[in-house]
Amino acid sequence: MNKFFLFLVMLPSALWRSLGADIGQLRAILNTKLLLDDRNPMTIGRMNKPKKERKYGTLINIFASCALGFVYMFPLIVVKDRVFSLTIYFSFLLTVITLMLITDFSNVLFDFRDKYILFPRPVNDRTLVLARLLHVFIYLFRIVLPMSLPTWIMLGYLDGWKSAALFPLPLIMMVFMALFIVNSVYLVVLKLAKPEKFKDIMNYFQVITSVIFFTSVYLMPRFFNPEHPHESSILNYAWLKFVPSYWLGVCWSWIGYPVELAGTSFLSILAIVFPLLCMYVLVKKLAPEFSRKISGIDAVETGEVAAQGTKRVPAGSFYKKLAYAFNKSDDAKAGFMIAWLQTSRSRSFRMRVYPTFAYIPVYFFYLLTSRKTSIGITFSNLGNGHMNLLLLYMSSFVLISAMAYLTMSDQYKAGWIYYSTPVEKPGRIMIGAFKALWVKYFLPFFICIAAFVLYVWGMPSVIDIILALLNVTLFVACMARISYRHLPFSIMEQAKQGGSRILKSFIVMIIPTMLGAGHYLSLDLWWLKLLFFVLSAILLWLVLDSYSNTSWDNMLKAETE
Amino acid sequence: MQPIITIRQLNKQYGEKIVLRDINLNIYPGQIIGYIGPNGAGKSTTVKILTGIIQDYSGEVMVFGKNLRDNVLEVKSKVGYIPEVAELYDLLTPREYLAFIGKLYHLPDDVIEDRSRKMLDSFSLLGNIDQRMDSFSKGMRQKVLITSGLLHKPSIVIMDEPLSGLDANAVILIKELLQALKQEGKTIFYCSHMMDVVEKVSDRIVLINNGSIMADGTIDELRQNSTDSLEQIFQRLTSGGNQVQKADDLAAAMNDRV
């Protein structure tokens, strides 16, 4: 597969050469990087066990991407105007892959190994920048291809072969667009920020952009009239002509589809010219500065060598007091402490988890306002419904997201220490870390939500708040027991899994909703609520006990699965 | 005297590759053992077995008279391991990292704090105790790593290239530390490529090559009445040919380039 993609990206060799790249070096760098991706080293915990073939991993990822592709296909079916429907489609896809690029691929884009391996060699800046871009392009295309497959087939079915034949060109251009948009923003940040501050600024930029993109995904459906989608017209949204996804959609005018926004057919040229122009500017004009700035930044998590030299971290003992209050065993205390400290300082953790705090209110707002009534009326009637349950259960996303990234780290090799110290059961460390995340991230957030619920729904909702707190903890504890039986910060982050991580987080949203549905059914029956409470409490105790008793064998088994 | 570590018929292989073959060794308390060998000889594998990191081996390893396989936690709590590469959670400060490690060894907080301060002070790192380690040089990290390996007062200290990245003064400090630990009756298992240091500090030298022990004895026993240095003995026992000739060939190979 890699060979095919390498062949694909090296097809316009003449173009790469004209941009100033050394073709031989470019091919060699890409070939090696792709080879390295396939041979990611194993974690320490797995060193004694033969690596189990992840036979179905790729297939599952392809299937998940394909399933998501069915959702994005929706505008094609409901909106008659082909240019408009494709504009919506490309907007969705462009948003999703830009988000992926920002959250999951920045490590690929800023591969700091280059500083030691490639920078000392006689490789010019343009070759280096182009190699980075094409490397990420291959990553993205691997995800975008299955994701766009349903649309491709549907286009062929609805419009015939011409439309299907045209589809790959705007699709490729769209991937390039996402790549250059993100790169250009990074370059601006690089230009404005000091190298040692770049990583922190970029980190917060990533958090904010993720929130903006997430918000925009949920506002996009407003583009078309939800009651009469077939009647939605692009004429109401003339400003779309300034949006790159419209330029991609208007390419269909080449094969005879009508363009409602008069005089905008020529914009289809931009679909081709814009990415190429971006690439020219990026590779030809900005590449030397890009490389120079990159060389000023140190390895992934270590950006502040000069700046932090004299900076002191207050030797606070608050987290230690909490570690002692919530844990009995020393191993659990150690797990609590490392999770508490490391999660505050790891940029990759912050980037992945902090946006979730914003996603929840945004998603809740979206669910509230998608009704047919106005926002004012919706809010004034809020206390009469049972949306409080939805909000309370949605708070679990924070803990789920924190748990998902607790085990991963750029410094996973430092996890050797767990194996050389007298740790009887790794589960004790895991439970300590779980409690740290619960106390540090989930509880304060849940209290905020509970305060809002109390304000809107009044004192009677206290019991619901307590039951939801219990159920959410139970649900996440079950997930941890099943999926996250790994030691904190001991597993390597793999960019290849980036796409599936986002997919998983979307899929996982459904499960706590089901648990909430049970709670909903017991709303009017106090005895059922009490029974639910007792059962949940017993189950939680059992699950946490089982999690904390995870043995080395259990853990190694979970890692090889 | 009873050996503190006894290794009998130790074998280890990864797939088809045999890494250790029939290793037999008795190590006595208070000894400094220099464990040397070329790259890939099996030194690190031996070390990882002795520290309990690798547990799927064949043969018998007894530590403190107890079978390592059956008493791995007890052994780990009495062994201090200092690996070659200073992989540590460097987003933490030395104080935080040592508190974390200390807890894994079940040490009380005041003991961790007291020992950390004293040991870091000896390494002239006390002023950096509350700074994040991502701003540290390789040598500073190595000093924190050494501190973390000795924090629980181990009876056996296993060092894998402990001088890696240290400056000349720190190297002198470590050499003195080895002697001081020996005086306290601790057993030190010292892996290194630095032959001059091994020759000076070791009571006994074990040379391993291709997974087998090639030589075992004091430096005088290894010399066998010659005046050879340890480096020359090492070369004689492990090299596949004349090193001078190999260097000449290497230089010549570069001359052939177009």
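The values are calculated or read from the model by the stated rules, or taken from the named source; none is laboratory data. The structure presented is a predicted model; accordingly, all values stated were derived computationally and were not measured. Don't worry about glycine lacking a Cβ; one is built from the backbone with ideal geometry, like all the others, and counts go over all protein chains shown. Accessible surface is based on the protein model in full, side chains and every heavy atom, while ligands, DNA and RNA are left aside. Shrake-Rupley method; radii C 1.70, N 1.55, O 1.52, S 1.80 Å.
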Label point 7 Å out from residue A:121 along Cα-to-Cβ: which residues of segment A:3-40 have amide N under 14 Å? A:22-36
Chain B - percent relative contact order, Cα under 8 Å, separation 6 or more: 25 percent
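What number comes out for accessible area per residue over the protein assembly as shown if the probe is 1.4 Å? Units Å², please.
Heavy-atom SASA per residue in the protein assembly as shown reads 44 Å².
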Roll a 1.4 Å probe over the protein heavy atoms and report the accessible area of residue B:214 in Å², nearest 10. 90 Å²
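Hey, what did segment B:187-235 get for relative contact order, percent, Cα under 8 Å, at least 6 apart?
Relative CO of segment B:187-235 lands at 27 percent.
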Could you give the nm distance between label points at residue A:289 and residue B:225, where each point is 7 Å from its Cα heading toward the beta carbon? 7.7 nm
1/(1 + (r/R0)^6) with r = Cβ-Cβ of residue B:250 and residue B:193, R0 = 25 Å, i.e. FRET efficiency to nearest 0.05, evaluates to 0.85
Could you tell me the accessible area of residue A:242 in Å² (1.4 Å probe, neighbours in place), rounded to the nearest ten? 150 Å²
Expected sort for A:376-383, A:408-415 on mean C-beta neighbours within 10 Å, highest first, is A:408-415, A:376-383
Protein-protein interface of segment A:380-427, residues with accessible area decrease of at least 10 Å², isolated chain reference, 1.4 Å probe: A:411, A:413, A:414, A:416, A:417, A:418, A:419, A:420, A:421, A:422, A:423, A:424
Log entry, pair A-B: total buried accessible area, probe 1.4 Å, protein chains only, in Å² rounded to 100, is 3900 Å²
Given R₀ = 25 Å, what would the calculated FRET efficiency be for residue A:60 paired with residue B:11, taking r from the Cβ atoms and rounding to 0.05? 0.05
In nm, what is the difference between 0.36 nm times the number of residues separating residue A:528 and residue A:281 and their Cα-Cα distance? 82.4 nm
Between residue A:454 and residue A:318, take the C-beta separation as r, use R0 = 35 Å, and let me know the FRET efficiency to the nearest 0.05. 0.85
Taking B:225-233, A:175-183 and ranking on average Cβ neighbours within 10 Å, highest first, one gets A:175-183, B:225-233
Structure shown: which of B:66/B:182; B:76/B:175; B:103/B:182; B:48/B:118; A:413/B:48 lie over 18 Å apart, alpha-carbon to alpha-carbon? B:66/B:182; B:76/B:175; B:103/B:182; B:48/B:118
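In segment A:318-560, carbon and sulfur make up what percent of the accessible area (probe 1.4 Å)? Present the calculation step by step, with values, prior to reporting the outcome.
Working: 6880 of 9890 Å².
Summing carbon and sulfur atoms, their accessible area is 70 percent of the total for segment A:318-560.
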Under a 1.4 Å probe, counting only protein heavy atoms, residue A:280 has an accessible area in Å², nearest 10, of 100 Å²
With all protein chains present and a 1.4 Å probe, the order of A:318, A:205, B:234 from largest accessible area down is A:318, A:205, B:234
With every protein chain kept in the model, how would you rank B:198, A:211 by accessible area, 1.4 Å probe, largest at the top? A:211, B:198
For residue B:35, the net charge from surrounding residues (Cβ-Cβ under 14 Å; K, R +1; D, E -1) works out to -3
Rounded, prolate or oblate for segment B:1-70? Axes are the square roots of the Cα gyration tensor eigenvalues, ordered a ≥ b ≥ c, and the cut-off for rounded is a/c under 1.5. oblate
How well do other chains shield peptide B:73-81, expressed as the mean number of their Cβ atoms within 10 Å of each residue Cβ? 3
Report the gain in length on full extension from residue A:204 to residue A:325: 0.36 nm times residue separation, minus Cα-Cα distance, nm rounded to one decimal. 40.3 nm
Testing the spin-label approximation: label points 7 Å from Cα along Cα→Cβ at residue A:36 and residue B:210. State their distance in nm. 3.4 nm
Rounded, prolate or oblate for the protein assembly as shown? Axes are the square roots of the Cα gyration tensor eigenvalues, ordered a ≥ b ≥ c, and the cut-off for rounded is a/c under 1.5. oblate
For B:83-95, mean number of other protein chain Cβ atoms within 10 Å: 5
Return the average number of partner chain Cβ atoms within 10 angstrom of each residue Cβ along peptide B:103-110. 6
Select from A:476, B:57, B:108 the residue farthest towards the positive end of the dipole of the protein assembly as shown; place +1 on Cβ of Lys and Arg, -1 on Cβ of Asp and Glu, and compute about the Cα centre. A:476
Note the full-extension length gain between residue A:28 and residue A:379 as 0.36 nm times their separation in residues minus their Cα-Cα distance, in nm to one decimal. 120.4 nm
Counting only protein heavy atoms, what percent of the accessible surface of chain B is carbon or sulfur at a 1.4 Å probe? 48 percent
